[in-house]
Amino acid sequence: MSIFFMLLQVVVIIMLAPLFDGMARVLRARLQSRRGPSDFFQTYRDIQKLFKRGRTVPECSHWVFRFGPYTLFGAGAALLAVIPISYNAGSLASYASDIFVVLYIGAMLRFIFGAASIDSGNPFAGVGGSREQMLAVFVEPVMMSSLLVVMLLAKTSNLAEIQMLVQNGDIGYQMPAFAVASISFLWAMYVECGRNPYDLAEAEQEIQEGVLGEYAGADFGIAHAGLILKQFAMIGMFLTIFEPWTFENSFLALIVFILKAGIFYVAAVFIDNFGPRYKLLTSFKSNAIVALCVSSVALILYIVGV
């Protein structure tokens with residue numbers, strides 16, 4: 001039964017993610033005094049229009065580029081599936097819900113994005129793809145340090161078991177190491193969601209979007225959907241570890257999770273609009289160092305037993 005709910009949570013989030021994306025687009029337009037989309041369902045209409053258009057494939061590309069959208073979407077869906085949203089510890093599905101599984105799938109998604117960008121043959125897309133790999137160099141040490149503290153405190157890497165321990169109060173914010181780790185992980189989650197502050201405002205669109213600028217029609221829609229699923233998965237990982245509100249009823253747990261993740265997704269628009277925009281090679285480095293210091297403090301606090 002837990003496998004059914006694992007698949008159900010993926011399907012439901014795939015169906016509802018465009019709604020929250022539409023809310024974010026409307027809110028962003030209002031904050032910027034633009035007309036923007038007419039309602040929250042614009043993303044659904046955009047996807048419908050994209051699927052009616054044909055494919056465009058560069059002659060120099062190979063199977064890496066052609067199958068890129070499907071592998072990106074599959075990796076995003078797999079990330080969502082292993083987040084214990086509608087199933088709990090001890091169930092069959094929970095055995096696949098592990099921090100290392102999430103990290104491996106996330107790394108695979110990033111690799112596919114970079115490989116497809118280079119295989120497109122467009123040098124701008126290749127630069128955009130390499131930019132994503134550079135982000136990983138700065139973000140992953142912070143994420144790994146934060147998660148290491150959580151795993152050491154919980155003595156397990158299973159997400160479902162960590163979620164249960166936090167909810168039962170065995171580990172949590174009463175431990176300074178856990179509280180500090182939540183701060184650095186929140187920063188890493190925000191960057192992994194690909195939000196604007198760590199963008200290149202003066203760059204060409206092809207550099208900002210990588211391989212996305214090379215896809216058209218259904219391919220673009222599928223690849224873009226895969227990245228949206230990754231954003232929801234990263235938000236879900238933060239909520240699972242640091243803000244778990246689990247329920248015995250799987251349907252209720254799924255509904256509450258979608259509301260929480262949707263609020264996080266839409267609320268990030270305020271940071272996008274009112275926060276500063278950082279250059280990748282200058283300000284981002286200093287910000288990443290600060291975040292790494294915070295995660296190191298969490299690790300030190302664990303070592304000294306605070």
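The values are calculated or read from the model by the stated rules, or taken from the named source; none is laboratory data. Small disclaimer: the values here were computed from a predicted structure and weren't measured. Methodologically, a virtual Cβ is constructed for each residue, glycine included, from the backbone with ideal geometry; neighbour enumeration extends over all protein chains shown. Heavy atoms of the whole protein, side chains included, go into the accessibility calculation; ligands, DNA and RNA do not. Shrake-Rupley method; radii C 1.70, N 1.55, O 1.52, S 1.80 Å.
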Mind listing the Cα extents of segment 36-107 along all three principal axes, in Å, largest one first?
46, 39, 19
Mean projection of the alpha-carbon convex hull of segment 1-122 over all orientations, in nm²?
10.2
Name the residue from 297, 11, 221 whose Cα lies farthest towards the positive end of the charge dipole of the chain, charges +1 on Cβ of Lys and Arg and -1 on Cβ of Asp and Glu.
221
Where does helix 68-81 land angle-wise versus the long Cα axis of the chain, in degrees 0 to 90, nearest 10?
20
Three principal axis lengths of the chain [C-alpha, angstrom, descending]
56, 46, 42
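Under the 0.36 nm per residue contour assumption, what length would be gained going from the current alpha-carbon distance of residue 11 and residue 53 to full extension? Mind dumping the intermediate values first?
Details: separation 42, 0.36 × 42 = 15.12 nm, distance 2.39 nm.
The residue 11-residue 53 span can extend by a further 12.7 nm.
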Leaving out ligands and nucleic acids, note down the accessible area per residue over segment 1-304 with a 1.4 angstrom probe, in whole Å².
46
Can you find, among 179, 137, 42, the residue farthest towards the positive end of the dipole of the chain? Put +1 on the C-beta of Lys and Arg, -1 on that of Asp and Glu.
42
Share of segment 1-304's accessible area from carbon and sulfur, percent, 1.4 Å?
69
Each label point is 7 Å from the Cα along the Cα-to-Cβ direction; what then is the distance between the points at residue 33 and residue 285, in nm?
3.7
Against the longest alpha carbon principal axis of the chain, how many degrees, from 0 to 90 and to the nearest 10, is the axis of helix 176-192 turned?
10
Candidates 116, 216, 17, ranked by Gaussian network fluctuation over the chain, Cα under 10 Å, top entry
216
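Averaging sequence separations of C-alpha pairs under 8 Å and six or more residues apart, then dividing by the length of the chain, give the relative contact order as a whole percent.
Rounded, it is 29 percent for the chain.
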With point charges of +1 on the Cβ of Lys and Arg and -1 on the Cβ of Asp and Glu, referenced to the Cα centre of the chain, which listed residue (157, 107, 125) lies farthest in the positive direction of the dipole?
125
